[in-house]
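Down below is the structure, laid out as C-alpha cells.
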Amino acid sequence: MTSDTGARAQPALRRHFTYRLNVLSKLNDMMSQDLYQAGSGLSLPEARCIAAIGSQPGQLTVMQLAFETNLDKAQVSRTTKLLVERGLVSKLPCPEDGRCVQLTLTAEGRRCCEQVMPLIQQRNQELLQCLSEAEQTALLDMFDRMLEQSRQQIRADRLGD
C-alpha cells in the first residue's frame, strides 16, 4: 500500500493538517505535563505562565499572558492567582488602566523559570528528534510563515469588524 492510498483510506478528518496539528498539540501537552511536574513540581499551565512571564521583557497583563500561553483568560487568572499565592509571581496595577494588572516574576519565580526553560528545551528536542536538522529548520520556517499569515488574518478580520 502506498502512502497516498493510506492517506485516502483514513477518515476525512484525519487527513486535515489542522486536525493533525491539534492531535500533536494534545499529545505534546500530555507529555509536557508529566515532564514539568516531575522536573519542577509545576503543572503545565503553571510552567507555561512562568516561562512566558520570564521570557518577556517588562511585564505582562493577564490578557497578554493568555495569548502567549495559549490558555484561556479564566485559566490564566486561576493559575496566576496560585503563582502569586506561592510567591512566584507578583501583580502590580497597570498604570494606564486600573482594571488590569501587570505580572512579573519574583526572585523565586525567576529561579523556577530557570528550572522550567531547560525542560521546555528538552521537550522540544524530544519532539523534533525524528527529523533531520534540515527538516527541523524547514519545519520551523514553515511554521513561522503560517503563524505570521494567521496573525495577519486575525488582524485583518478584527479591523474589518
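Some observations on this one:
- Values of log10 I(q)/I(0), in the order q = 0.15, 0.21 Å⁻¹, for region 19-79 under a Debye, Cα-only, solvent-free model: -0.48, -0.87
- Shape box of the chain [Cα atoms, principal axes, largest first, Å]: 60, 45, 28
- Angle in degrees between helix 133-160 and the longest Cα principal axis of the chain, rounded to the nearest 10: 70
Computed from the coordinates by the stated procedures, all read-outs in this text should not be read as laboratory data. What you see is a predicted model, and the numbers here were worked out from it, not measured in a lab.
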